[in-house]
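The values are calculated or read from the model by the stated rules, or taken from the named source; none is laboratory data. Because the structure is a prediction, the values reported are computed rather than measured. Heads up, the Cβs are rebuilt from the backbone with ideal geometry, glycines too, and the neighbour counts pull from every protein chain shown.
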Amino acid sequence: MVRSSLDAPTLSAEHLQWHQEAVQRCRRAIIQMTSLAASGHPGGSLSSLDLYLVLWSCAKVEAENPWMDGRDRIVVSHGHTSPGVYSVLAELGFIDNDEAVSSFRSTQNLFEGHIEREIPGVEWTTGNLGQGLSAACGMVLGDRIHGRRCNAFVPMGDGEQQKGQIAEARRFAVKFGLHEITAIVDRNQLQIGGETAEIMPQEIAAGWEADGWRVVEVDGHDPQQIFSALQQARKDEQRPWCIIAHTVMGKGISFMENKSDFHGRALNTEELAAAVTELGEDAALWDLQPLQQRRARRPDSTVPTLPDRLPSLHPGEPITYAVDQKTDCRSAFGQAIFDVACASADGQGSPPIAAFDCDLEGSVKLGAFHKQYPDRFFQAGIQEHHTATCAGALSTCGVTTVFADFGVFGVCETYNQHRLSDINHAHLKIACTHLGLDVGEDGKTHQCIDYVGVLRNIFGISIYIPADPNQTDRIVRHALTSAGMAFIGMGRSKLKTITDDAGAPYFGGDYQFTPGHLDIIRSGTAGMVVAMGTPTAQALEAVDALRTEGLDIGLAHAATPTDLDEASIQQLASQPFVVTVEDHSVRTGLGNCVAEQLFGAGTAIPQLRIGVDNYSPSGPSSEVYRLAGLDADSIRERVQAFALERQ
Ligand SMILES: Cc1ncc(C[n+]2csc(CCOP(=O)(O)OP(=O)(O)O)c2C)c(N)n1
């Protein structure tokens, strides 16, 4: 193996010699692993191969210390070229070649069909095309926040250029001066279905130039040209560069060259023999049997465990909003994030915390944080897909990262980005306001009534829906100081403070937020109303009215609807019936969560689900709630009727 540095004047003759030999070995590995798995993407792997070899042999990365601070980040965005990536990582000692080749696309270990962040040398799990550049932006920001500089190199496909998120990311990179990033487009002119020019004509170079990038074109199979372009790109302290590398799909095996058929098809036995002959090796040496046997044997993996980087933040002191101090949860969120940042600031006044906004700063209440920490606030414009990925990647770099948005954009618009961030072990905190019908006059386009239903599919996310500003305060402090992905869901309106029997703030003072715990706001034996989020105030008014009328009904609040603990479920199970109240689709929200958790505990009690059963019109939230049956009177009537039916 020969390694060089981008500081060297050129690639040495020795390096070039090694490159030519290594390319053949890697081609062999690519063909072997895809044929063994009988699937995979050999075509693009072969076209990107020279780029990968130059990158991993010249960038500041170390096989012995793959996750070292300050390393360069090689973020391969077209993750289907995994055979190419694995072959190069094996060549450079990051991973074991036989392990990668024999277990590729098997359930044995991590060498999946698309590259995985757990593999040393891989920075981001990709495969959902269009997200790599955004992830690289997050990583560069992470190093800047830690006072370091890293270079990020982002190889991408040319078909991939059709994704809009890439344009979002390149504008962001230019706006924030992320000159450390170099994109490298594998311009092989082909994608799955044929020629890129036919599938979707695109002026690739013009697009990058128009967004402010410096564009250069190279022969993507000439290591010296690739090296020199990378070197110049790295020297430019003003602008990020895009290197368009002209390549040949299937490069190196003549019958595969320029054939889109080999984008995603492995060679069959005859083709494999022909490829071997062409690569100049004895076909007998290419016996796949030993590798097949190893695949069947499933030996333990030698891949080390990916380290996790968690910042340490101080939660600060909780705030209690008084009973007559009507405010909205989003303001309480803005105050709490500001507080946590101030409480966690180091000697230089810079906390390891960052917040992203998509042109809704005033509405999502990030103003105070922005003003105090302007270099930790990222105004990303109406570019939610990029923002979600970029923030997700930054959250893996030892920076607590908040993505604040309206629910309909921060959840519904960006679901796949969040899912990929979770697969990447991100710790992103998604704070969404204007949830449900409480979006008010904006109407049905903005009514996010499916956040629980959508987000509960993401295995690593904790869903937190506070009942009022006091609980919001405590939930935000908890979420910001805990590991993992979190969603904090809030409405828009100013809310009544939820009070206990004595009229004091229920969620104020010494109240401790405990995930999984059902907060019993009123105890009763005739049945239990379980509310979630904004309509808790309406449910409380309804329950108090019914109690005055002699119905001993209780009220609970489920701030973590998807994960109620056993004691909470038992509390519900002992009731004659349960009524769920939510500003969410009745098909996929709290009602579902409660029903399935009760059923799972072996209990079937009658249940009434009060919630949203259709898109609702524009109007003040209070009117929209009345129309949807979420006002206190409607809740009271329906609970009363349900109780009467059961007597
Ligand atoms: C968002 C997204 N849409 C669709 C796909 C399915 N897909 C995988 S590879 C590919 C074509 C990619 O073409 P290109 O970037 O040119 O890569 P190459 O064919 O050169 O390997 C498509 C459509 C995907 N992985 N992600």
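Brief remarks on what is shown
- The range 105-153 - residue that is among the β-branched types (V, I, T) and out of contact with any strand residue (DSSP E or B) (no Cβ under 6 Å at 6 or more places or on another chain) and, of those, farthest from the ligand (Cβ to nearest atom): I145
- For T277, the conditions (1) part of a loop (DSSP other than H, G, I, E, B); (2) surrounded by 10 or more Cβ atoms within 10 Å (Cβ to Cβ); (3) among the hydroxyl-bearing types (S, T, Y) all hold with the exception of (1).
- Residues (more than 21 Å from G220 (Cβ to Cβ) and part of a helix (DSSP H, G or I)) located in the range 32-52: Q32, M33, S35, L36, A37
- Only one of N151, N109 that is over 30 Å from D300 (Cα atoms), among the polar types (S, T, N, Q) and more than 21 Å from the chain's Cα centre (by Cα): N151
- Tally of residues being touching a residue at least 60 places away in the same chain (Cβ under 8 Å) and over 16 Å from the mean Cα position of the chain (by Cα) across the range 112-124: 4
- Of all residues making up the range 8-33, the number that are among the hydroxyl-bearing types (S, T, Y) and within 16 Å of the ligand (Cβ to nearest atom): 0
- Qualifying residues in the range 83-96 (those that are surrounded by 24 or more Cβ atoms within 10 Å (Cβ to Cβ) and under 20 Å from R298 (Cα atoms)) - the one farthest from the ligand (Cβ to nearest atom): I95
- The set of residues from the range 566-582 being among the aliphatic types (A, V, I, L, M) and either assigned to a helix (DSSP H, G or I) or at pLDDT below 95 (or both) comprises A567, I569, L572, A573.
- Qualifying residue in the range 97-113 (condition: buried (at least 22 other Cβ atoms within 10 Å of the Cβ), of a type in the set (D, E) and in the same structural domain as A229 (by TED's automatic domain parsing)): no
- R376 basic (K, R), modelled with pLDDT under 95 and out of contact with any Ser or Thr (no Cβ under 6 Å at 6 or more places or on another chain): no
- Residue check, E64 outside the structural domain of A393 (by TED's automatic domain parsing), among the acidic types (D, E) and surrounded by 22 or more Cβ atoms within 10 Å (Cβ to Cβ): no
- Scanning the range 154-193 for residues that are within 18 Å of H80 (Cβ to Cβ), small (G, A, S) and either surrounded by 24 or more Cβ atoms within 10 Å (Cβ to Cβ) or touching a strand residue (DSSP E or B) at 6+ places or on another chain (Cβ under 6 Å) (or both) returns G157, G159, A183.
- Reported count of residues in the range 284-309, each being on the phi < 0 side of the Ramachandran plot and surrounded by 13 or more Cβ atoms within 10 Å (Cβ to Cβ), is 10.
- Residues satisfying the criterion are absent from the range 546-556 (criterion: buried (at least 24 other Cβ atoms within 10 Å of the Cβ) and acidic (D, E)).
- Residue match in the range 403-415 (condition: closer than 10 Å to A355 by Cα, assigned by TED's automatic domain parsing to the domain that holds Y464 and under 15 Å from the mean Cα position of the chain (by Cα)): yes
- Filter pass, L518 being out of contact with any helix residue (DSSP H, G or I) (no Cβ under 6 Å at 6 or more places or on another chain) and touching a residue at least 12 places away in the same chain (Cβ under 8 Å): no
- The conditions of being in a loop (DSSP other than H, G, I, E, B) and farther than 18 Å from F406 by Cβ are met by A426.
- Count of the range 412-427 residues which are away from the ligand (no atom under 13 Å from the Cβ) and not hydroxyl-bearing (S, T, Y): 9
- Reported count of residues in the range 34-79, each being over 22 Å from V399 (Cβ atoms), hydrophobic (A, V, I, L, M, F, W, C) and more than 16 Å from the ligand (Cβ to nearest atom), is 10.
- Candidates G440, G392 - the one that is within 30 Å of A504 (Cβ to Cβ), assigned to a helix (DSSP H, G or I) and small (G, A, S): G440
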